[in-house]
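The values are calculated or read from the model by the stated rules, or taken from the named source; none is laboratory data. Bear in mind that the values here come from a model prediction, so they are computed numbers and not experimental data. Here the Cβ positions follow ideal geometry from the backbone for every residue, glycine too, while neighbour counts run over all protein chains shown. Keep in mind that these areas ignore ligands, DNA and RNA; they rest on the heavy atoms of the full protein, side chains included. Shrake-Rupley method; radii C 1.70, N 1.55, O 1.52, S 1.80 Å.
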Amino acid sequence: MLNIVIFGAPGSGKGTQSERLIKEYGLHHISTGEVLRDHIARGTELGQIADGYISKGQLIPDELMIRVLASVLDENPEKTAAGVIFDGFPRTIPQAEALSKMLEERGTELHAVVGLEVPEEELVKRMLKRGQESGRADDNLDTIVRRLKVYHEQTSPLRDFYKKEGSYHPVDGTGDMDRIFADIKTHLDNRKD
Ligand code: AMP
């Protein structure tokens, strides 16, 4: 069993590297951003609430987000048996605390946090490109700037939180994608739980 958080600023490559990790370790991928975008596309009540926050580059309130994650975790117990990659969650300290509790209640734990470290200029370039290619609505300059501000204020303190716990593994998220993946794999294969 391997439960990982893939951590990093918006545009740091979490989705791309998650796809490779799923194949390598047979993990189940939970991207809270994707879960919310799916609700928006289906026009659910949660989707309507989420859209109001996402379009402004703001975070969905912790209490709601934690409930959403718990229900996704319990939806497919057979799929999560080998472990989960959490992508885009946690984004705040209360979410990180809730994640530890949720995993403990389900008889497991978080094994590693992989932090993709990418300079700000590069993040903006990547998100603008993704916006042009995928049409993702929040990948426009105004919202990108707001998302980065929210990241610095609310999410980046999690690095210190996980560093103190000894579970944070920093990886240079720039350059060749194969090299980034190899670095992640080295961290995961040599970790001491
Ligand atoms: P992402 O695809 O991870 O970049 O998420 C897109 C947007 O969904 C974010 O900018 C937030 O508005 C919202 N979101 C995703 N995950 C979370 C979370 N864990 N907590 C709060 N909001 C989230």
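Summarising the label geometry, the points placed 7 Å from Cα in the beta-carbon direction at Ala81 and Val145 lie 5.1 nm from one another.
For the range 39-76 and the range 139-193, what is the centre-to-centre distance using only Cα atoms, to the nearest Å? Centre-to-centre (Cα) distance: 22 Å.
Solvent-accessible surface of the range 88-193, averaged per residue with a 1.4 angstrom probe and all protein chains in place: 57 square angstrom.
What is the chain's relative contact order, in percent, from Cα pairs under 8 angstrom and six or more apart in sequence? Relative contact order of the chain: 32 percent.
A cut-off under 15 angstrom between Cβ atoms defines the neighbours of Thr186, and their net charge, with Lys, Arg +1 and Asp, Glu -1, is -1. Shown for the chain: the carbon plus sulfur share of the solvent-accessible area, taken with all protein chains present and a 1.4 angstrom probe, equals 50%. Once the 1.4 Å probe is applied to the protein heavy atoms, the range 28-85 comes out at 52 Å² accessible per residue. Tell me the trypsin sites (Lys or Arg not before Pro) within the range 12-96 that lie in a loop according to DSSP and have at most 16 other beta-carbon atoms within 10 Å. Of the trypsin sites (Lys or Arg not before Pro), the ones in loops of the range 12-96 whose Cβ has at most 16 other Cβ atoms within 10 Å are Lys56, Lys79. Overall, the range 134-183 carries a charge dipole of about 220 debye about its Cα centre when +1 sits on the Cβ of Lys and Arg and -1 on the Cβ of Asp and Glu, all other atoms neutral. For the pairs Lys125/Lys192; Lys101/Lys192; Lys23/Lys101; Lys23/Lys125; Lys23/Lys56, flag any whose C-alpha to C-alpha distance is greater than 32 Å. Flagged as over cut-off: Lys125/Lys192; Lys23/Lys56. Within a straight-line Cα-Cα reach of under 13 Å, Lys14 can be paired with the following aspartates and glutamates, leaving aside sequence neighbours fewer than 8 residues apart in one chain: Glu34, Asp87, Glu117, Asp172. Rounded to the nearest 20, the size of the Cβ-charge dipole of the range 4-183 about its Cα centre is 280 debye, with Lys and Arg at +1 and Asp and Glu at -1.
In this label model, Ala70 and Thr186 are separated by 4.0 nm, measuring between points 7 Å along each Cα→Cβ vector.
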